[in-house]
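First the structure, in the form of structure tokens, and then the observations on it.
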Amino acid sequence: MATITTHSPSPTVQGTPGPRRRSRVSSFNWLGGSFAWVWLLIVMLPLYWIVITSFKTQDNYFITNPLAPPSDLTFANYTTVIENDFIRYFLNSAVVTIGAVIPATVISFMAAYAIVRGVHNRFLRAVNGLFLLGLAIPLQAVIIPVYLIIIRLQMYDTLAAIILPSIAFAIPLSVLVLGNFIRDVPKELFESMRMDGATEWGTLWRLAFPLTRPALVTVIIYNGLGIWNGFLLPLVLTQSPDQRTIPLALASFQGQFGVNIPAIAASVVLTTVPIVLLYAIGRRQ
């Protein structure tokens, strides 16, 4: 007598998305990708306009479509901006940014390491609370006390007057970011370093520093962007044209060049290039 065998449908592997779920995910990805492209166009349109405008002549700018590429490519706008002491302003911003970012990052890294490793120390917990309190105080609220302190220190109208407050306001957030990253380092690694005879200083630079490199790069880029584009501190704490930074120079260019929009666009492009390069170098971290 022949036996009839029936094949039951194979069970669905748990965790494998079914056809309906795949369709939902596909439609969601398509919708999200469409919004991403739209947002990319919105962001790139002003950048595109600034770049092409910087290569137009002033007469060509007013008679052509603002979004059309320049028919007569010219570098005269960049020459005009450079001849108006742009190099000096650029170097001032570079000195302020480097002079503030490097000390702020080093101090924040060592402070974050001490706070994480000395979690049971009351003094270090109080210092951590002080740093967190610094996050709640905006620069605009304390600009007058900062101005008076700089006057008392006889540092007014110098680049150091911009560097010192920039370091102070960059430390709180840097300590928070670096501290959270150091907490993710396994404690067993610290214990093994201690068993090998390493000091806290050696553990700091030989273990914590390499493992927190992505957070350090993130802090450097974030602080560098904020200090490079800083406007309030240079405006209040400097006066002479020799101590101007890039943001103040852009403001002066708008008043000096008047309706010379291509020259202003050229100065904006020159100002943006260092930050774009810094982000391009550190984006893998």
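The values are calculated or read from the model by the stated rules, or taken from the named source; none is laboratory data. On a predicted model such as this, the values are computed, not experimentally measured, just so you know. Here the Cβ is made from the backbone with ideal geometry for all residues, glycine too, and neighbour counts use every protein chain on show. All accessible areas refer to the heavy atoms of the entire protein, side chains included, with ligands and DNA or RNA removed. Shrake-Rupley method; radii C 1.70, N 1.55, O 1.52, S 1.80 Å.
Against the test of being more than 20 Å from Pro46 (Cβ to Cβ), over 21 Å from the mean Cα position of the chain (by Cα) and open to solvent by less than 80 Å² (accessible area, probe 1.4 Å), the options Gly202, Gly224 yield a single qualifying residue, Gly202. In the set (1) under 29 Å from Thr158 (Cβ atoms); (2) modelled with pLDDT of 85 or more, Phe209 fails one condition alone, (1). Among the residues making up the range 102-146, those that are among the β-branched types (Val, Ile, Thr) and either closer than 22 Å to Ile221 by Cβ or more than 21 Å from the chain's Cα centre (by Cα) (or both) are Ile102, Thr105, Val106, Ile107, Ile115, Val116, Val119, Val127, Val142, Ile143, Ile144, Val146.
On the stretch given as the range 95-107, residues that are farther than 16 Å from Leu225 by Cβ and in contact (Cβ under 8 Å) with a residue 12 or more places away in the chain total 3. Here Ile137, Ile98 are screened, and the one residue that is assigned to a helix (DSSP H, G or I) and either open to solvent by less than 50 Å² (accessible area, probe 1.4 Å) or on the phi < 0 side of the Ramachandran plot (or both) is Ile98. On inspection, Ser8 passes the criterion of being over 35 Å from the mean Cα position of the chain (by Cα), of a type in the set (Ser, Thr, Tyr) and either farther than 14 Å from Ala265 by Cβ or at pLDDT below 80 (or both).
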